[in-house]
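Okay, structure first, notes after.
The values are calculated or read from the model by the stated rules, or taken from the named source; none is laboratory data. Keep in mind that what you see is a predicted model, and the values were worked out from it rather than measured. Note: ideal-geometry Cβ built from the backbone for every residue, glycine included; neighbour counts use all protein chains shown.
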Amino acid sequence: MVTLVAAIVASACQPESKKVTSSEADDYYEIPTAPIVPTEAELIERGKYLVITSACHDCHSPKVMTEHGPIPDPSRLLSGHPKDEVLPPTEKNDGNKGWILFSMNLTAFVGPWGTSYSANLTPDDTGIGAWSFENFKTAIRKGKYKGQEGGRNLLPPMPWDMYKNMTDEDLKAIFTYLKSLPKVNNLVPAPKPPTES
């Protein structure tokens, strides 16, 4: 009987059904098993952890200055480059001179590609409000703007070519977390080519 119980417990951890025999009888038992599906709360918690440890706030959250230096602004978490933030003038094509510039909020970037701005990742219509999980996966796996197959490529410094290696489960957790955030209405400016940067 102990062997049967151990076999049943072991089989419950398997991703598919398997037959288990009892050493006390020749009966076969079909043990249906299924992958554990996390709850929405568990997905949100996992997604929050992944967003924090993947440094998403570094570029996608405007900052406030504290005695410990700049930290993400709690009222604008992951809302991207502020639409009303005016950048100081730069020399044309600074990035071509061996430098990449970051704004004080760390949400705008000037380099050989021109000027790029971090996206609004909140569930507002100016962010990812209309996105499906498939859009999110396309953005991360293929580096496509707004997750559209025919869209332009995401611009530096977005490290999508690193994040594309995340599992579907991790991407689902991140997406679920982002969709749970408070909406922040912030239409991020369009990128500028090098001739206008």
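Worth pointing out:
- Failed condition for THR126, given (1) over 23 Å from VAL37 (Cβ atoms); (2) surrounded by fewer than 17 Cβ atoms within 10 Å (Cβ to Cβ); (3) in contact (Cβ under 8 Å) with a residue 24 or more places away in the chain: (2)
- Of the numbered criteria (1) over 30 Å from THR167 (Cβ atoms); (2) without any contact (Cβ under 8 Å) to a residue 40 or more places away in the chain, the one MET104 fails is (2).
- Residue identified as within 28 Å of GLU42 (Cα to Cα) and either in contact with a Phe, Trp or Tyr (Cβ under 7 Å, 6 or more places away or on another chain) or in the same structural domain as PRO62 (by TED's automatic domain parsing) (or both) among PHE136, PHE102: PHE136
- Of all residues making up the range 149-195, the number that are basic (Lys, Arg) and touching a Leu at 6+ places or on another chain (Cβ under 7 Å): 1
- Whichever residue in the range 156-197 is modelled with pLDDT of 95 or more and of a type in the set (Val, Ile, Thr) and, among such residues, is farthest from LEU87 (Cα to Cα): THR167
- Selection over the range 163-190 of residues that are assigned to a loop (DSSP other than H, G, I, E, B) and either touching a Cys at 6+ places or on another chain (Cβ under 6 Å) or surrounded by fewer than 18 Cβ atoms within 10 Å (Cβ to Cβ) (or both) gives a count of 10.
- Looking across the range 110-127, the residues that are in contact with a Ser or Thr (Cβ under 6 Å, 6 or more places away or on another chain) and either part of a strand (DSSP E or B) or not β-branched (Val, Ile, Thr) (or both) come down to VAL110, GLY114, THR115, SER118, ASN120.
- Of the strands (runs of 3 or more DSSP E) lying entirely inside the range 9-108, those carrying at least 2 residues that are in contact with an Asp or Glu (Cβ under 8 Å, 6 or more places away or on another chain) and at pLDDT 90 or above are 63-66.
- Selection status of ASN120, within 13 Å of HIS60 (Cβ to Cβ) and in the same structural domain as GLU85 (by TED's automatic domain parsing): yes
- Some residue of the range 150-160 being in the same structural domain as LEU87 (by TED's automatic domain parsing) and closer than 17 Å to LEU43 by Cβ: no
- Taken together, GLY151, GLY147 contain a single residue that is in contact with a strand residue (DSSP E or B) (Cβ under 6 Å, 6 or more places away or on another chain) and either free of Cβ contacts under 8 Å to residues at least 40 places away in the same chain or buried (at least 17 other Cβ atoms within 10 Å of the Cβ) (or both), which is GLY151.
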